[in-house]
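Working notes for the structure below.
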Amino acid sequence: MFLVLKSIFKPKILNNKIIILLFSFVLFSNVYGQKETTKNLPKFDHRFMHFGFLLGLNSADFVLQRFPPNSLGSDSLFILEPKAATGFNLGIISSMHFGNYFSLRFTPNLAFSSRSLKYRFETFEGPKEFTKDIESTLINFPLNIKYKSVRVNNFSAYIIFGAAYSLDLASNAGHENISTNPNDIIVAIKRDDIMGQIGFGTDFYLEYFKFGIELKMSYGIRDLLDNDGTPFSTPIDRLSSKMFLLSFTFEG
């Protein structure tokens, strides 16, 4: 199952395949849910609070804005583009109910993610390409509002929105690039980020716990680039985070 999900999570096909998969799953579950059946966990949504955990696959990327192409000494930057990569999340869930439809969710999680920046310089010696990998170990603190539909037998759908503070434990901000070898120069990223979040999901009430599938998009507000004047950071005007997270939730 993990290999199937990982293949689906290739960055280039993430949006289309994940959204089609979830919508198909929701449609099938909703049709099936119309059949009258015994309700599992009938008092689950009447409790003031409940807890759980989540497992997730993420696709981390950058939103990049660059300055107009310019000459960097004898080298000219021809291509600069971000590239996404797949990682995973582990977290806990605490949910506070406000009525039948709204709840406040705090889901701190640990994310292992990776992104890269691809460069191509046109030089007197011909084109030169470089890839700068940026690995992150993030502690995320999301606070979201969840609005769910009416429960149909053992199924309900929901939307979720809110914000998150993110702390990158692998941040290399302040690093001094001493080497003159282009392969040894790193692109430094700041430690702290704030993200807006929106997503949707489905809940399935099983016999002993509630199982959920959720797709959430996070977009960073801050400029993460720690510009130290190297040929790899100078062309970048702004660098902000973007992440898609497919979560599997277990709540009791």
Single residue of the stretch 130-160 satisfying the filter (in contact (Cβ under 8 Å) with a residue 40 or more places away in the chain, assigned to a strand (DSSP E or B) and of a type in the set (D, E, K, R)) that is nearest to Asp184 (Cα to Cα): Lys132
Of the criteria (1) farther than 22 Å from Asp168 by Cα; (2) surrounded by 18 or more Cβ atoms within 10 Å (Cβ to Cβ), which one Pro231 fails: (2)
Condition check for Ser71: surrounded by fewer than 12 Cβ atoms within 10 Å (Cβ to Cβ), at pLDDT below 85 and small (Gly, Ala, Ser): yes
Pairs, first assigned to a loop (DSSP other than H, G, I, E, B) in the stretch 168-182, second modelled with pLDDT of 85 or more and surrounded by fewer than 14 Cβ atoms within 10 Å (Cβ to Cβ), C-beta under 8 Å, six or more apart: Asn177/Asp184
Total residues in the stretch 145-181, condition among the acidic types (Asp, Glu) and at pLDDT below 90: 1
Selection from the stretch 112-128 of residues that are farther than 20 Å from Gly56 by Cα and either in contact (Cβ under 8 Å) with a residue 24 or more places away in the chain or of a type in the set (A, V, I, L, M, F, W, C) (or both): Ser116, Leu117, Lys118, Tyr119, Arg120, Phe121, Glu122, Thr123, Phe124, Pro127, Lys128
All positions within the stretch 177-227 that are in contact with a Leu (Cβ under 7 Å, 6 or more places away or on another chain) and among the aliphatic types (A, V, I, L, M): Val187, Ile189, Ile213, Leu215, Leu224, Leu225
Positions within the stretch 168-189 being among the hydroxyl-bearing types (Ser, Thr, Tyr) and within 23 Å of Arg222 (Cα to Cα), in sequence order: Ser171
Residue identified as modelled with pLDDT of 95 or more, part of a strand (DSSP E or B) and out of contact with any Lys or Arg (no Cβ under 9 Å at 6 or more places or on another chain) among Ala111, Ala60, Ala84: Ala111
Members of the stretch 182-224 found to be over 29 Å from Tyr147 (Cβ atoms), hydrophobic (A, V, I, L, M, F, W, C) and modelled with pLDDT of 95 or more, listed by number: Leu224
So Asp192, is it under 30 Å from Tyr119 (Cβ atoms), surrounded by fewer than 17 Cβ atoms within 10 Å (Cβ to Cβ), touching a residue at least 12 places away in the same chain (Cβ under 8 Å) and of a type in the set (D, E, K, R): yes
Search result, residues across the stretch 146-161 that are farther than 15 Å from Leu41 by Cα and charged (D, E, K, R): Lys146, Lys148
Residue selected from the stretch 109-165 under the condition among the basic types (Lys, Arg) and under 18 Å from the mean Cα position of the chain (by Cα), by the criterion surrounded by the fewest Cβ atoms within 10 Å (Cβ to Cβ): Lys146
Residue within the stretch 46-54 that is modelled with pLDDT of 95 or more and crowded, with 17+ Cβ neighbours inside 10 Å present: yes
Test result for Asp168, surrounded by 14 or more Cβ atoms within 10 Å (Cβ to Cβ), charged (D, E, K, R), within 25 Å of Met195 (Cβ to Cβ) and in contact with a Ser or Thr (Cβ under 7 Å, 6 or more places away or on another chain): yes
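The values are calculated or read from the model by the stated rules, or taken from the named source; none is laboratory data. If you're wondering where the values come from, they're calculated on a predicted model, not measured in any experiment. Note: ideal-geometry Cβ built from the backbone for every residue, glycine included; neighbour counts use all protein chains shown.
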